[in-house]
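Structure first, then comments.
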Amino acid sequence: MNRVTLYTVILGSALSVNCLVSAQTAPPAAAPPAAKPLSSGIQAPPAPTDPNKIVLVIGSEKLTAADYDKMVQSFPPQLRAAATGPQRRAFIDQFVMLKVAAREAEKRGLDKKSDYMLQRDNLLATAEFQDLMANVKISDAEIAKYYEDHKGEFESAKAHHILIRFKGSPVPLGKDKKDLTEDEALAKAKEVQKRLLAGEDFEKVANEVSDDTTHNGDLGNFERGKMVKEFDDEAFILPIGKISDPVKTQFGYHIIRVDARTSKTLAEATPEIEKKLRPEEAKKEMDELKTKANVTIDEDFFKAPPQAAHAMPPHMPTPTPAPTK
């Protein structure tokens, strides 16, 4: 039984939602008879299923135990749980209903109607794109090049900060605190900087004056790009242990102290790089398929009419990758 067909039918059919709901809420099937205990009193484990055993027949289509397991692994987590958990018997009933209904729809020619054809093609194109992403080969050279060109993406920092907010900041104004103007906030931030440079304890001053209620001003570890740009730029160039000048962001003025910076090695970054590159490589494969298909488009025919030149195009479903884990 074709895996893509199974995947697209069970996920693409309008009945798939009912399938999932039914599989999760239907009463459990009767439990099989308990295994007889061994003489030691320990229950005998169930015998392993022969992977070549035919476990489902729908007309001329046959599904072995191995086919079923392989199919289930292609499902998203929620559907996979229904197919393998306590409700798997109810799940397979709904699965059979999907297959039978889909086959009948084909017999009646519903898959040839324009609206259904577009949905069907979109589901198959999405399945193809997902399959390409899962199986595309990313070379070690490509991974290494990406790592060298984007080393900053794999840096992280550990830092403390003190925030002095000003009017318009999204940070709530503290109780009994004055709503400072930008000039007043900058002046206060410079005074705080002087106290720190004079040797006062950073954490103590943070708890005393900071408008960020984070204890001790401790931001913990954060990756490059996780903070607002102005803060991020300073945090990844400031020498370790140095007190920064006031840094203005939408939240106010920050005094920053970076405690440490680390960078992932190529080996540590490889899984993340592969995840980033897979959609790009799959897109290249799709472009190659388009080229090989010898597509010819009449540009004059498909040119936008003058009166519609500035109109928004209608929504067209397009194949999109499933969320990566």
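Placing one equal scatterer on every Cα of segment 190-307 and applying the Debye formula, the log10 ratio I(q)/I(0) at q = 0.24 Å⁻¹ is -1.41. Peptides 82-91, 117-126 ranked from most to least packed, by the mean per-residue count of other Cβ atoms within 10 Å: 82-91, 117-126. Residue pairs exceeding 26 angstrom between C-alpha atoms, taken from K190/K242; K151/K190; K70/K137; K226/K264; K167/K194: K151/K190.
Quick check: net charge around E223, other residues with Cβ under 12 Å of its Cβ, Lys/Arg +1 and Asp/Glu -1?
On the way: positive: K158, R224, K226, R261, K264; negative: E153, E155, D232, E272.
Once positives and negatives cancel, what remains is +1.
What's the local net charge at V295, with K and R +1, D and E -1, over the other residues with C-beta under 14 Å away? Local charge sum for V295: -2.
Extending 7 Å from Cα along the Cβ direction at D131 and again at K70 yields two label points whose distance is 1.1 nm.
With R₀ fixed at 41 Å, the C-beta to C-beta distance from T265 to K167 puts the FRET efficiency at about 0.35.
Between L110 and K276, the FRET efficiency estimated from the beta carbon spacing at R0 = 35 angstrom works out to 0.30.
Go ahead and collect, in residue order, the members of segment 67-83 whose backbone nitrogen is under 15 Å from a label point 7 Å along the Cα-Cβ direction of D50. Residues passing the 15 Å test: 67. A cut-off of 5 Å between modelled amide H atoms, ignoring neighbours fewer than 5 places along the same chain, links D211 with L163, I164, R165. Using the Cα centre of segment 70-178 as origin and beta-carbon charges of +1 (Lys, Arg) and -1 (Asp, Glu), tell me which of M133, H150, L98 is placed farthest towards the positive end of the dipole. Among M133, H150, L98, the one farthest towards the positive end of the dipole of segment 70-178 is L98. Treating each Cα of segment 61-117 as one equal point scatterer and applying the Debye formula with no solvent, the log10 of I(q)/I(0) at q = 0.15, 0.18, 0.26, 0.29 Å⁻¹ comes out as -0.57, -0.74, -1.03, -1.12.
Other residues with beta-carbon under 15 Å from the beta-carbon of V136 carry, at +1 per Lys or Arg and -1 per Asp or Glu, a net charge of -4.
With N set to the residue count of segment 81-142, report its C-alpha Rg divided by 2.2 N^0.38 Å to two decimal places. Dividing the Cα radius of gyration by 2.2 N^0.38 Å gives 1.62.
None of the figures in this text is laboratory data; all of them are computed from the coordinates on show. Values in this document were obtained by computation on a predicted structure and should not be read as measured data. Glycine gets a Cβ as well: all are built from the backbone with ideal geometry, and neighbour counts include every protein chain shown.
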